[in-house]
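Asks: One structure coming up, written as structure tokens, with questions to follow.
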Amino acid sequence: MKKYLNFAIVASFIGLWMDSFLSNKYQIILGFLLIFTFGILHGANDLLLIKNMKAKKQSSSWFKILGYYVMVVLIGALLFYTIPQLALLLFILISAYHFGEQQWQNLLEHVAKSFLILFQFFYGFIILLLLFVFHSSEVQSIILNIANINIPSLYFNLLLLISSIVFIVLSTYLYWKLNKIRKKLLLEFFYLVLFAILFKSSSLIWGFAIYFVLWHSIPSIIDQIKFLNGSFSIKYFITYCKTAGIYWLISLVGITLIYYWCKEEQLFNALFFSFLAAITFPHAVVITNMFGTKQTKK
């Protein structure tokens, strides 16, 4: 994973450099292309992960697992249709924790569960707020289209300030308590600075795509493959892609229908993030259980 993180740093700076040469239109096209490939792919094998976890406990019908998963997705979509304000809030909170969990999964064995949840949440929340602050007008427009509420940009700045203070306090405690993660703490603060530079210099979709794919989706795919097979290899990656193919294709069809239903950019962004949210709800639960199962196996 260390080699991959070095690659992600270099690739992020290349993405930053490309920002100077790409028009906003091409940034959006390439950004969505990245999200539609690795971004969607990293959640396309959730059913296989569930089946693998269930197999360790009890036999479960594949159709039963599929039914539960689809039901959660539909409930998420229904929430966005009936109570969009609540659905959007849940999406932001769950996504924040999900992003932080991916970065800090190995803390599970070192600290109390309640502290871990807070720490992971605020780390991921800061990443989202950095994106919101540097693209406040676009984010405001998307939120208005989704939930019909107008959030002043000042709120994003205040939330970022408060969250940063809380995270620094939590990090200071960890730095004092655990010598073995001091280097990682400093490294993660460097990553946050990198994300801030990336988000500030890039368009909303391009900046989000680079983070979402390089720093979240691909590391998640690597972790999932290791969980399913015990190690990572190109052979296992190809198998992973083949298994995920049908679910990935279904997701792409859904996104394509959304695009042809509404081609206006701001409304499409709103519908796209709503779709992303609906599939994020069950995915986040699956990944949390996967990390818990990995620790149990240790």
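Asks: Got the relative contact order for the chain handy, in percent, Cα pairs under 8 Å and 6 or more residues apart?
Replies: Working: 267 pairs, mean separation 100.3, N = 298.
That works out to 34 percent.
Asks: With a ≥ b ≥ c taken as the square roots of the eigenvalues of the C-alpha gyration tensor of segment 174-239, please select rounded if a/c is under 1.5 and otherwise prolate if a/b is larger than b/c or oblate if it is not?
Replies: On the way: a/c = 3.92, a/b = 1.15, b/c = 3.41.
Taking the square roots of the gyration eigenvalues as a ≥ b ≥ c, segment 174-239 is oblate.
Asks: Can you give me the distance in nm between label points at N6 and V253, each placed 7 Å from the Cα along the Cα-to-Cβ direction?
Replies: Going from the N6 label point to the V253 one covers 4.3 nm.
Asks: Shifting gears a bit: Can you give the FRET efficiency for N289 and S20, using 1/(1 + (r/R0)^6), R0 = 30 Å, r = Cβ-Cβ distance, to the nearest 0.05?
Replies: Numbers: r = 42 Å, r/R0 = 1.40.
The pair N289/S20 has a calculated efficiency of 0.10.
Asks: Hey, another quick one. Take the Cβ-Cβ distance between S114 and F36 as r, set R0 to 25 Å, and report the resulting FRET efficiency rounded to the nearest 0.05.
Replies: 0.10
Asks: Roughly how many percent of the accessible protein surface of segment 106-164 is carbon and sulfur, given a 1.4 Å probe and a whole-percent answer? Provide the component values of the computation, followed by the final result.
Replies: Working: 1780 of 2750 Å².
Heavy-atom surface of segment 106-164 belonging to carbon and sulfur, 1.4 Å probe: 65 percent.
Asks: Calculate the radius of gyration of the Cα atoms of the chain to one decimal place, then report Dmax, the largest Cα-Cα distance, as a whole number, both in Å.
Replies: Calculated on Cα positions, Rg and Dmax stand at 18.9, 54 Å.
Asks: What does the helix-only formula give at 222 nm for the chain: each DSSP H stretch with n ≥ 4 adding -39500 (n - 2.57), the total divided by the residues, and the result rounded to the nearest 500 deg cm²/dmol?
Replies: Numbers: 13 runs with 238 residues, N = 298.
Calculated mean residue ellipticity at 222 nm is -27000 deg cm²/dmol.
Asks: Could I ask something else about it? Which entries of K180/K226; K200/K226; K184/K242; K25/K242; K3/K226; K51/K235 show an alpha-carbon separation above 25 angstrom in the structure shown? Could you put the intermediate results ahead of the total?
Replies: On the way: K180/K226 23 Å; K200/K226 34 Å; K184/K242 34 Å; K25/K242 31 Å; K3/K226 16 Å; K51/K235 21 Å.
Beyond 25 Å between Cα atoms: K200/K226; K184/K242; K25/K242.
Asks: If I model a spin label at K51 and K242 as a point 7 Å from the Cα along the Cα→Cβ vector, what separation in nanometres do I get?
Replies: In this crude spin-label approximation the distance works out to 1.4 nm.
Asks: Right, something else. Roughly what would the spin-label model give for K226 and K200, points 7 Å off Cα along C-beta, in nm?
Replies: Distance between label points: 3.2 nm.
Asks: Determine, from the Cβ-Cβ distance of N148 and F13 and an R0 of 35 Å, the FRET efficiency 1/(1 + (r/R0)^6), rounded to the nearest 0.05.
Replies: Numbers: r = 39 Å, r/R0 = 1.10.
Working from the Cβ atoms, E equals 0.35.
Asks: Take peptides 34-44, 247-257 and line them up by average Cβ neighbours within 10 Å, highest first, as a rough protection proxy. Don't jump to the answer; show the numbers that get you there.
Replies: Numbers: 34-44: 20.6, 247-257: 14.7.
Output ranking for 34-44, 247-257: 34-44, 247-257.
Asks: Also, quick follow-up: What does the C-alpha gyration tensor say about the overall shape of segment 201-250? Classify as rounded when a/c is under 1.5, otherwise prolate if a/b is larger than b/c, or oblate. Before the final figure, lay out each step's value.
Replies: Working: a/c = 3.40, a/b = 1.75, b/c = 1.94.
Because a/c hits 1.5 or more and a/b fails to exceed b/c, segment 201-250 counts as oblate.
Asks: Accessible area per residue for the chain in Å², computed with a 1.4 Å probe and the full protein assembly in place, what is it? Each step should come with its number before you reach the end.
Replies: Values: 15150 Å² over 298 residues.
Here the per-residue accessible area is 51 Å².
The values are calculated or read from the model by the stated rules, or taken from the named source; none is laboratory data. Fair warning: this is a prediction, and the values are worked out from it, not measured in the lab. Methodologically, a virtual Cβ is constructed for each residue, glycine included, from the backbone with ideal geometry; neighbour enumeration extends over all protein chains shown. Accessible surface is based on the protein model in full, side chains and every heavy atom, while ligands, DNA and RNA are left aside. Shrake-Rupley method; radii C 1.70, N 1.55, O 1.52, S 1.80 Å.
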